[in-house]
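Novice: Okay, handing you the structure first.
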Amino acid sequence: MRKLLLLLLCGACFSCNAPQQDNQESDSTKMNKNMTNEQLREKLALALEDMKAKAIEMGIEGVATASVLNNGDTVDWIGEMKVVGSYCNWKDGFNLVAVAWSKCGEVITTQADSGDPNHKTITGELGYAGGAYDEHEGCKLAFAFSGATSEEDLVVAKYGIEKMKGYISSQQEADTTTTYKPLATPLKKDQFIQVTIVVRDIRKAAKAWAALLGVPEPEIWVNHLESNKEYPYTYRGNGNMPCDLQMCVIEMGNWVLELHQIDENPSTFREFINKHGNGVHHLGFEVGDARDEVIRELKEMGFDTERTIGIYPGSSWTIVDSEDVLGVNLNIKPKR
């Protein structure tokens with residue numbers, strides 16, 4: 001067990017003999033022979049970023065750990081770790097890294113959530129709750145968080161598992177049978193006004209774009225997004241999630257190129273960059289008085305039209321969650 005924990009701390013793969021399985025496997029545990037370990041590691045990193053965002057949303061700090069075993073081709077557990085604010089509670093004397101991996105190690109050996117009072121701990125285990133276990137499409141998942149209460153730790157761990165299950169499922173062949181009815185008020189080409197790119201370093205990106213386009217380096221300013229009685233702002237329906245957005249604009253004729261750099265607080269932009277890294281977050285369309293009708297029809301098509309809604313003097317912006325279908329989100333505005 002000591003060797004297992006040390007190898008996990010290094011983020012390396014280690015061999016572990018899985019418990020004996022019945023010959024008959026349920027649908028939820030069928031082997032996924034198409035998933036490589038490298039693909040799983042990439043998805044694990046995304047799930048850890050989601051856990052970090054969840055912890056920040058809950059206002060807690062600590063360490064997130066996650067491991068996955070691919071039953072398809074290998075018996076190597078893959079382990080990754082993410083620090084959220086602090087890796088050690090110096091005041092109370094808790095090494096959060098050690099505790100989180102201990103939870104993860106217990107989950108792996110018991111194939112159950114950690115902290116079960118009926119489980120007799122062995123050397124290396126601490127018996128703390130906050131580790132979660134599940135199986136999905138042949139993969140065994142062991143996730144844990146340490147730094148808050150046992151209940152809060154478990155919420156973050158289970159959130160990570162659910163996100164990981166979604167990433168694993170997305171590896172499967174996409175459903176190509178879906179059909180979409182044309183909008184009665186379709187988006188028009190001349191309504192296109194904006195491409196918005198989220199980056200980790202806006203100053204570096206602004207300098208590079210200015211050099212590439214042969215234009216002056218754009219001014220960067222901070223847009224503080226926070227809901228108030230006069231100008232509401234919501235993210236995923238929550239109106240209590242303020243954040244600071246660094247941004248700049250480069251005029252491109254009839255449309256603009258926007259660069260955004262977001263802080264660590266939960267937002268549509270933080271969600272995107274945690275999941276994808278640098279990339280095009282949305283395309284903007286100015287639809288005038290048709291705004292409400294366009295939003296209604298997009299909602300009927302199955303898109304989440306409440307990813308972000310912001311009201312500001314003279315206009316508004318609605319981020320439609322469409323990246324999984326269109327490859328990019330939409331920003332619907334009545335006017336610029």
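Novice: Name the pairs whose Cβ atoms lie under 8 Å apart, with the first residue in the stretch 293-316 and within 14 Å of residue 282 (Cβ to Cβ) and free of Cβ contacts under 8 Å to residues at least 40 places away in the same chain, the second among the acidic types (Asp, Glu) and not in a helix (DSSP H, G or I), and 6 or more positions between them or separate chains?
Specialist: From residues that are within 14 Å of residue 282 (Cβ to Cβ) and free of Cβ contacts under 8 Å to residues at least 40 places away in the same chain, the pairs are 303/321; 304/321; 305/321.
Novice: Which ones in the stretch 62-77 are at pLDDT 90 or above and farther than 17 Å from residue 128 by Cα?
Specialist: Matches in the stretch 62-77: 67, 68, 69.
Novice: Same structure again: Taking only pairs six or more apart or across chains, which ones have beta-carbon atoms under 6 Å, a first residue in the stretch 250-279 that is without any contact (Cβ under 8 Å) to a residue 24 or more places away in the chain, and a second residue that is not in a loop (DSSP other than H, G, I, E, B)?
Specialist: Between residues of the stretch 250-279 that are without any contact (Cβ under 8 Å) to a residue 24 or more places away in the chain and residues that are not in a loop (DSSP other than H, G, I, E, B), the close pairs are 263/243; 263/244.
Novice: Looking at the stretch 95-106, I want the residues that are over 17 Å from residue 48 (Cα atoms) and in contact (Cβ under 8 Å) with a residue 24 or more places away in the chain and have a partner that is surrounded by 23 or more Cβ atoms within 10 Å (Cβ to Cβ) and hydroxyl-bearing (Ser, Thr, Tyr) with Cβ atoms under 6 Å, at least 6 apart or on another chain. Which pairs are those?
Specialist: 106/114
Novice: Would you please name the residue that is most open to solvent (accessible area, probe 1.4 Å), looking only at residues in the stretch 156-170 that are of a type in the set (Lys, Arg) and in contact with a strand residue (DSSP E or B) (Cβ under 7 Å, 6 or more places away or on another chain)?
Specialist: Only one residue fits best here, namely 158.
Novice: Within the bounds of the stretch 178-200, is there any residue that is farther than 30 Å from residue 302 by Cβ and open to solvent by 20 Å² or more (accessible area, probe 1.4 Å)?
Specialist: Looking for residues that are farther than 30 Å from residue 302 by Cβ and open to solvent by 20 Å² or more (accessible area, probe 1.4 Å), one finds at least one in the stretch 178-200, hence yes.
Novice: Show me the strands (runs of 3 or more DSSP E) entirely contained within the stretch 226-322 in which 2 or more residues are β-branched (Val, Ile, Thr) and touching a strand residue (DSSP E or B) at 6+ places or on another chain (Cβ under 9 Å).
Specialist: Those strands (runs of 3 or more DSSP E) span 243-251, 256-262, 304-312, 315-321.
Novice: For the stretch 113-136, indicate whether the set of residues that are of a type outside the set (Val, Ile, Thr), closer than 14 Å to residue 81 by Cα, touching a strand residue (DSSP E or B) at 6+ places or on another chain (Cβ under 6 Å) and open to solvent by less than 10 Å² (accessible area, probe 1.4 Å) is non-empty.
Specialist: For the stretch 113-136, residues of a type outside the set (Val, Ile, Thr), closer than 14 Å to residue 81 by Cα, touching a strand residue (DSSP E or B) at 6+ places or on another chain (Cβ under 6 Å) and open to solvent by less than 10 Å² (accessible area, probe 1.4 Å): present.
Novice: For the stretch 81-104, indicate whether the set of residues that are among the charged types (D, E, K, R), modelled with pLDDT under 90 and under 21 Å from the mean Cα position of the chain (by Cα) is non-empty.
Specialist: no
Novice: Here's a check for you: in the stretch 323-336, which residue that is within 28 Å of residue 277 (Cα to Cα) and not in a strand (DSSP E or B) is most open to solvent (accessible area, probe 1.4 Å)?
Specialist: 336
Novice: Then there's this: Quick one: which of 152, 219, 162 is of a type in the set (Asp, Glu), without any contact (Cβ under 8 Å) to a residue 40 or more places away in the chain and either assigned to a helix (DSSP H, G or I) or touching an Asp or Glu at 6+ places or on another chain (Cβ under 8 Å) (or both)?
Specialist: 162
Novice: OK, next. With the structure loaded, tell me whether residue 263 is open to solvent by 50 Å² or more (accessible area, probe 1.4 Å), among the charged types (D, E, K, R) and within 29 Å of residue 61 (Cβ to Cβ) or whether it fails that test.
Specialist: Criteria not met by residue 263.
Novice: Tell me yes or no: at least one residue of the stretch 59-77 is free of Cβ contacts under 8 Å to residues at least 60 places away in the same chain and open to solvent by less than 10 Å² (accessible area, probe 1.4 Å).
Specialist: Scanning the stretch 59-77, I find no residue that is free of Cβ contacts under 8 Å to residues at least 60 places away in the same chain and open to solvent by less than 10 Å² (accessible area, probe 1.4 Å), so the answer is no.
The values are calculated or read from the model by the stated rules, or taken from the named source; none is laboratory data. Just so it is clear, the structure is predicted and the values come from calculations on it, not from any experiment. Positions of Cβ are backbone-derived with ideal geometry, glycine not excepted, and every protein chain shown enters the neighbour counts. For accessibility, only protein heavy atoms count, side chains too; no ligands or nucleic acids. Shrake-Rupley method; radii C 1.70, N 1.55, O 1.52, S 1.80 Å.
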